[in-house]
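I have placed the structure first, in the form of structure tokens, so that the comments after it can refer back to it.
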Amino acid sequence: MKYLITGGCGFIGSHLTEKILSGENEIFVIDDLSTGSLSNVEKFMDKKNFHLFIDTIMNSSILEELIKKCDFVFHLAAVVGVKRVMENPVDSVIINVEGSYNVLKVCARHGKKIFLASTSEVYGKNENIPFMEDADIIIGNTKKKRWSYACTKAIDEFLAFAFFEEKKLPVIVGRFFNTVGPRQSDRYGMVIPRFIKQALNNLPMTVFGKGGQTRCFVHVGDIIEGVVKLIGKDEAYGEVFNMGSTEEISIKDLAYMIKDATRSSSEIIFVNPETVYSKGFEDMNRRVPDISKIRNLIGFSPRFTIRDIIADCLKDIKSSARAQ
Ligand code: UDP
């Protein structure tokens, strides 16, 4: 099989590449290296079934060339991370919408199957926990840049299902909930690599607000296993799935757990996120998925606990230059 992975040099994309880069498979990656990095894929570079194209999904002609020769497309390329979205509001909207449109359009033209990575962020400020796939989307106002990400990914989903209906595009949408693991950078705001790096350097660990907000963190290995199983199921096409863990933890407890795991002398401080991002920043209070839909279809059940995840990230960050 020939696979195209958009965003294959990113954190999740590089794990997917690693998983399917075996045997007879041939992998094509397109990545503009805006958040991805060559170091994520350097160990595949000398393999003759790995082909890297440093280019953007805004370039329809390269998409045409690559998608035509592949059997399946994983669309992971996006502007991600709260920090990056806040700092690049124009790119976030344009790349996430127009880029996804380009990918979906070419897949539809050539009848290629596609998995589209979406996000739990699309539930926005919905407080009806746990989130079911058919829940309403409640997004903050358009002056608050954070919500543009949720909005663009929701548009991607609308587009995907529009193509499914109108052009019979075989598409699956997976909503990833806070996915973490080795190779995730702290540069775009993701809390676990940030806390680990702060703790390892004995710097203050910056809990936003009072730290009572919660998240369910899932290991990237569990997500990748789920994605690979899903694409093999005919019933999954034309559907959207929550993909994540149901183990809920408050950000304050997370900070203490990471401080413990690193034996750090860091102080845990409570900061107003508006001073870190910009005025008017809004957080989600709770985010917990209902995963019965994907569990019923493929037996999805994350194996890594939050302690396993922290241990794995810590080992990775310590062994890399990213500890500094
Ligand atoms: N967070 C925090 N301190 C940080 C970075 C993030 O307290 O230095 C919080 C953030 O406000 C959110 C949670 O950690 O409630 C997860 O943030 P992240 O940006 O990783 O992902 P999100 O779930 O917000 O997309």
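The values are calculated or read from the model by the stated rules, or taken from the named source; none is laboratory data. Computed from a predicted structure; not experimentally measured. Neighbour counts run over all protein chains shown; Cβ positions are idealised from the backbone, glycine included. Surface accessibility is based on the protein's heavy atoms, side chains included, excluding ligands, DNA and RNA. Shrake-Rupley method; radii C 1.70, N 1.55, O 1.52, S 1.80 Å.
Where the centre of each part is set by its Cα atoms, how far does the range 60-130 sit from the range 178-219, in angstrom?
24
Work out from phi, with θ = phi - 60° and the Karplus expression 6.51 cos²θ - 1.76 cosθ + 1.60, the ³J(HN,Hα) of each residue of the range 196-204, listed in order in whole Hz, and give x for Gly and Pro.
Calculated HN-Hα couplings, in order: 5, 5, 4, 5, 5, 9, 6, 9, x Hz.
Given charges of +1 on the Cβ of Lys and Arg and -1 on the Cβ of Asp and Glu, with all other atoms neutral, how large is the dipole of the chain about its Cα centre, in debye to the nearest 20?
540
When ranked by the protection proxy of mean other Cβ atoms within 10 Å per residue, highest first, what sequence do the peptides 217-225, 311-319, 67-75 form?
Final packing ranking: 217-225, 67-75, 311-319.
If you roll a 1.4 Å probe over the range 39-167 with all protein chains in place, what percent of the accessible area is carbon or sulfur?
Its accessible area is 53 percent carbon and sulfur atoms.
Please label the shape of the chain as rounded, prolate or oblate, based on the square roots a ≥ b ≥ c of the eigenvalues of the alpha-carbon gyration tensor (a/c under 1.5 means rounded; beyond that, a/b larger than b/c means prolate, else oblate).
prolate
Putting +1 on Lys and Arg Cβ atoms and -1 on Asp and Glu Cβ atoms, find which of S266, N25, A77 reaches farthest to the positive end of the dipole of the chain.
Positive-most Cα among the choices belongs to S266.
Using a probe radius of 1.4 Å on heavy atoms only, what accessible surface per residue do you get for the range 39-148? Whole Å² is fine.
46
Can you work out the Karplus-derived ³J(HN,Hα) for every residue in the range 150-163? Use 6.51 cos²θ - 1.76 cosθ + 1.60 with θ = phi - 60°, whole Hz, and x for glycine or proline.
4, 5, 5, 5, 5, 4, 4, 5, 4, 4, 4, 6, 5, 5
Does the range 1-84 classify as rounded, prolate or oblate by the C-alpha gyration tensor (a ≥ b ≥ c root eigenvalues; a/c under 1.5 gives rounded; else a/b over b/c gives prolate, otherwise oblate)?
The shape class here is oblate.
Tell me, what ³J(HN,Hα) does each residue in the range 96-108 have, in order and in whole Hz, if you take phi through Karplus 6.51 cos²θ - 1.76 cosθ + 1.60 with θ = phi - 60° and put x for Gly and Pro?
Values, residue by residue: 5, 8, 5, x, 5, 4, 4, 5, 5, 4, 5, 4, 5 Hz.
Out of G36, G232, G211, any idea which swings most in a Gaussian network model of the chain, alpha carbons joined below 10 Å?
G232
Students often check this: by mean Cβ neighbours within 10 Å, which of 269-277, 247-255 ranks highest, and how do the rest follow?
247-255, 269-277
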